[in-house]
Every structure is written in C-alpha cells, then in structure tokens.
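**Student:** Sharing a structure below in structure tokens format, with a few things to ask.
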Amino acid sequence: MVLAAVRSLCYPNEFMRLLVVEDDRALVAALYDGLTAHGFAVDCVRSAECALDAFGINPYDLLVLDLGLPGNDGLTLLRKLRQRQDPIPVLILTARGALSDRVAGLDGGADDYVQKPFAFPELVARIRALLRRGIPVAATVLGISDLEVDPVRFEVRRGGVPIVLTTKEFAILEYFVRHAGELVTRTMLLEHCWDESYDGLSNLVDVHVSRLRRKLEGGGRAPLLHTIRGAGFILDSRSR
Ligand code: CA
C-alpha cells in the first residue's frame, strides 16, 4: 500500500522501468531485447508470485502481463494489484482471437492489450501511449533552457542543434529533464534507468553521466548537468 501511494504521487513523472511477467522463454528474450533497445529498463519474471515479490522491491512504472502463467494466472495478479489500489498502468498480452481473455483483462483493470504474435513497434507505441496518459500533449516535448528532449521521437537538441545519444544516455537525460532543478541521486538513476542485471559495484552511473555531459556541454555550451559532491546530480540552467 505504501508503495502504491508513493507511485501515485510520482506518476507520471517517473516512467521508465517496466516489469514483464511472461513464462514463454523465447518471448521473454524478445521482449527484453526489444524493450531495452528502446531505452526502457526491463525486469522479467515468469510467474505472478515472482511479480508480487518484484513489486515489493522495485518501483515499476508499467506492467506488461501475460495472462496464462504457471501457478496463479495473470488475471489473478491484476485483480490483486487493483484490490490494493495500485494504479500502475497494465498492458496485457493475449492470444489471438481470445475475446474472452481481452474482456476479462480489461474488466479486471488492465489499461490496454496487445494480441500475440504482435508487431514490436505497436507494442512500444502502446506502452508509450499508456505512459503519456495524464500528461498534456504540449509537455511531451520536454525542455530546460535551450535543451529540448522529445521522448516520442527519441530526439535531443540544444539551441536547435541535434545531439545523438545512446538509448541509455537518452533514458538518463529523460529522467533528469523530468526532474529538472531537483537533486537526482545515483540510486534514483539506477532504479529507473537500469534493470536488475546491472553491476551495482561499478561506477556505471558516473561513466554514463559524464559521457552525457560531454555530449550536452561540448563545444563551449553552458553547463547544465551539475555534480553535487557526495549527493548526486542536478540538471539546472543556473550555474552552481
Ligand atoms: Ca503464457
């Protein structure tokens, strides 16, 4: 309940980490590869029980849910989440033609569904659409000072000049720009821009942030990304 309350306060400003609940190994691998390639942090579990455990540990921003699972099925998990007032957006994966599954899923509190086998661009578009809900259309291009970030088109510009970022750098920048002027800790970045497979002992965050800073501030452009010693980082156009 505490987790749900925290998420409802934060949503829709933090939305990059997905939980995938699917028991088909090949599909899990495809989902993981495809979604991480689009810049999402993705954790995958194979059962409803493992999903509940994962919810107790990590703050997720959207759930991709298969209905046919070993043990408790996806519908049971969905109902459990909604019973405890968890507002997380849920996209269900259903078998082609299984009208009763789609109806049961939507009645059970799912926000949308995709039929298997699905085209990946459609899945990503539906995920993005769910994550954008509640955000004014004009706010879908984010910005601070002369920096513009367009999460839908995957584009970044400074002073109108395009900047090419990797998917991970883009995910980090999107997180920063949604928290402009606020302290962002390394833990916050790890929780929202990486999945559980990261090596928590390395200086991974600092390496990515310094690469991102070089791209944003190279060529004598004004500093935007400030390191706060011992605390984290702040994206801010004011000098610090
Ligand atoms: Ca299944």
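Each reported figure results from applying straightforward, stated rules to the coordinates on display, with no laboratory input. This structure is a prediction, so every number in the text was calculated from the model and none was measured. Reconstructed Cβ throughout: ideal geometry from the backbone, glycine too, with neighbour counts over all protein chains shown.
**Student:** Placing +1 on the Cβ of each Lys and Arg and -1 on the Cβ of each Asp and Glu in the chain, which of 115, 180, 100 has its Cα farthest towards the positive end of the resulting dipole?
**Tutor:** Checking the options against the dipole of the chain, the answer is 180.
**Student:** Right, next: Suppose every K and R has +1 on its Cβ and every D and E has -1 on its Cβ; what is the size of the dipole of the chain about the Cα centre, in Debye to the nearest 20?
**Tutor:** Using only the charged Cβ atoms, the result is roughly 740 debye.
**Student:** Please compute the length gained on full extension between residue 238 and residue 133, using 0.36 nm multiplied by the number of residues separating them and subtracting their Cα-Cα distance.
**Tutor:** Values: separation 105, 0.36 × 105 = 37.80 nm, distance 3.06 nm.
Going from the current span to full extension adds 34.7 nm.
**Student:** May I pose another question? In what order do 193, 44 fall by count of nearby beta-carbon atoms within 10 Å, going from fewest to most?
**Tutor:** Result, fewest neighbours first: 44, 193.
**Student:** Okay, moving on. Hey, which lysines would be in cross-link range of residue 168, C-alpha to C-alpha under 20 Å, not counting anything within fewer than 8 residues on its own chain?
**Tutor:** Output for residue 168: 215.
**Student:** Any idea what the dipole of the stretch 44-166 comes to, in debye rounded to 20, about its Cα centre with Lys/Arg Cβ at +1 and Asp/Glu Cβ at -1?
**Tutor:** 120
**Student:** List the lysines whose alpha-carbon lies under 27 Å from that of residue 80, not counting same-chain residues fewer than 8 positions away?
**Tutor:** Candidates past the 8-residue exclusion: 116.
**Student:** Compute the distance in nm between two label points, each set 7 Å from the Cα along the Cα-to-Cβ direction, one at residue 119 and one at residue 53.
**Tutor:** Going by the 7 Å Cα→Cβ label model, 3.8 nm.
**Student:** If you don't mind, there's one more thing I want to ask. Using only Cα atoms, find the angle between the long axis of helix 167-178 and the longest principal axis of the chain, and express it within 0 to 90 degrees, rounded to the nearest 10.
**Tutor:** 80
**Student:** For the chain, what does -39500 (n - 2.57) per DSSP helix run (n ≥ 4), summed and divided by total residues, give at 222 nm, in deg cm²/dmol to the nearest 500?
**Tutor:** The helix-only estimate for the chain comes to -12500 deg cm²/dmol at 222 nm.
**Student:** Now a separate question. Taking other Cβ within 10 Å of each residue's Cβ, how do 113, 60 sort, fewest first?
**Tutor:** Fewest-to-most ranking of 113, 60: 113, 60.
**Student:** Relative contact order for the stretch 142-235: what percent, with Cα pairs under 8 Å and sequence separation of 6 or more?
**Tutor:** Details: 95 pairs, mean separation 25.8, N = 94.
This gives 27 percent for the stretch 142-235.
**Student:** Can you figure out the FRET efficiency of residue 106 with residue 182, using R₀ = 45 Å and their beta-carbon distance, to the nearest 0.05? Could the numbers behind the result be given before it?
**Tutor:** Working: r = 36 Å, r/R0 = 0.80.
It comes out at approximately 0.80.
**Student:** What full-extension length gain, to one decimal in nm, is calculated for residue 79 and residue 150 as 0.36 nm per residue of separation minus the Cα-Cα distance?
**Tutor:** Extra length from residue 79 to residue 150 when fully extended: 22.1 nm.
**Student:** Contact order normalised by length for the chain, with contacts defined as Cα pairs under 8 Å and 6 or more residues apart; what percent is it?
**Tutor:** Reported relative contact order: 18 percent.
**Student:** Can I ask one more? Kindly identify the stretch 17-132 as rounded, prolate or oblate by the Cα gyration tensor criterion: order the square roots of the eigenvalues as a ≥ b ≥ c, call it rounded if a/c is under 1.5, otherwise compare a/b with b/c, prolate if a/b is larger, else oblate.
**Tutor:** It comes out rounded by the Cα gyration axes.
**Student:** While we're on this one: On C-alpha positions alone, give me the angle between the axis of helix 25-37 and the longest principal axis of the chain, in degrees, nearest 10.
**Tutor:** 20
**Student:** Any idea how far the Cα center of the stretch 148-169 sits from the one of the stretch 48-94, in Å?
**Tutor:** With the stretch 148-169 and the stretch 48-94 each reduced to a Cα centre, they are spaced 32 Å.
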